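The values are calculated or read from the model by the stated rules, or taken from the named source; none is laboratory data. Only a predicted model underlies this, so the values are computations on that prediction, with no experimental measurement involved. Positions of Cβ are generated from backbone atoms using ideal geometry, with glycine treated the same way; all protein chains shown enter the neighbour counts. In case anyone asks, the SASA skips ligands and DNA or RNA and just uses the protein heavy atoms, side chains included. Shrake-Rupley method; radii C 1.70, N 1.55, O 1.52, S 1.80 Å.
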Amino acid sequence: MRKAEIVSTVLEMADQIGPDRVTTNAVAKQIGLTQAALFRHFPSKAELWGAVAEHVTDTLATAWEAALEDVSDPLERVRALVAAQLGVIARTPAIPMLLFSRELTTENEVLRGAFRERLGVFHETLAADLAAAQSQGRIAADLRPRDIAYLLSSLVQGAAIRWALGPRTTSMEETGLALLDVQLRLLECRKDR
């Protein structure tokens, strides 16, 4: 229970002040612990960030799995997967900052590797569904599904970073899905082209 509280506090603080400014002393103080007590749960700052990475990547995997359950149409799967990603980010606004924290990802191979691996799964899942839509003649045949997946991943990351750094007065999910819908319409095969 205490470890989950610590991880949650780290994510809240990373959102509020930026992940590069989160210190173990500040986390301990926020929770009402001493820094020594915090280190009993996580012997090093790297292990603390590793637990944060594990929590975030597990949350993403669970959301993706739930979103794709009982969805068979490839473009509906793409939309469901992106919606799930946006939903997790909306509930955990520190995620974009964690992904783009040069200091954290350079210093912490566990954090970098966890995010790289999980986002690789996201990309490959998108690419597979896009390839399936392409084989159905719904996406232009001259486009590479992996390239489209990079485009859509970039769209998600761009929408997330813009929302996370902005005033958050709009729904990131609605904005991100509206952008996705525009992009998918641009990729569709049309006889009038």
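The table for this structure:
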{"item": "Solvent-accessible ranking of 58, 142, largest area first, probe 1.4 Å", "result": "142, 58"}
{"item": "Centroid-to-centroid separation of the stretch 73-114 and the stretch 8-54 [C-alpha atoms, Å]", "result": "19"}
{"item": "Within the accessible area of the chain (1.4 Å probe), percent carbon and sulfur", "result": "52"}
{"item": "From the coordinates shown, percent of Cα pairs over 31 Å apart corresponds to which of [x] 25; [y] 29; [z] 41", "result": "[x]"}
{"item": "Extension reserve of the residue 23-residue 142 stretch, reckoned as 0.36 nm per residue once the Cα distance is removed", "result": "37.9 nm"}
{"item": "Kyte-Doolittle mean at least -1.0 and Cα axial length at least 27 Å: DSSP H helices in the chain", "result": "45-68, 109-135, 145-165"}
{"item": "Residue 73 versus residue 165: modelled label distance in nm, points set 7 Å from Cα along the beta carbon direction", "result": "3.5"}
{"item": "Distance in nm between pseudo-label sites at residue 35 and residue 116 (7 Å out along the Cβ direction from Cα)", "result": "3.1"}
{"item": "222 nm mean residue ellipticity, helices alone, for the chain (DSSP H n ≥ 4; -39,500 (n - 2.57); rounded to 500)", "result": "-25000 deg cm²/dmol"}
{"item": "Assigned charges on the beta-carbon of Lys, Arg, Asp, Glu; the stretch 73-163 dipole about Cα centre (debye)", "result": "180"}
{"item": "Cβ-Cβ FRET estimate between residue 182 and residue 8, R0 fixed at 45 Å, reported to 0.05", "result": "0.80"}
{"item": "Whole-number accessible area per residue in Å² for the stretch 37-193, which is evaluated in the context of all protein chains at 1.4 Å", "result": "53"}
{"item": "Highest average packing first - 78-87, 10-19, 161-170, Cβ atoms within 10 Å", "result": "78-87, 10-19, 161-170"}
{"item": "When the convex hull of its Cα atoms is projected in every direction, mean area for the stretch 79-193 (nm²)", "result": "7.9"}
{"item": "Charge-dipole axis of the chain as Lys and Arg at +1 and Asp and Glu at -1 on Cβ define it, positive-most pick from 36, 128, 74", "result": "36"}
{"item": "Computed lengthening from residue 135 to residue 106, 0.36 nm per intervening residue step minus Cα-Cα distance", "result": "6.5 nm"}
{"item": "Amide proton proximity set for residue 139, modelled H, under 5 Å, gap of 5+", "result": "134, 189"}
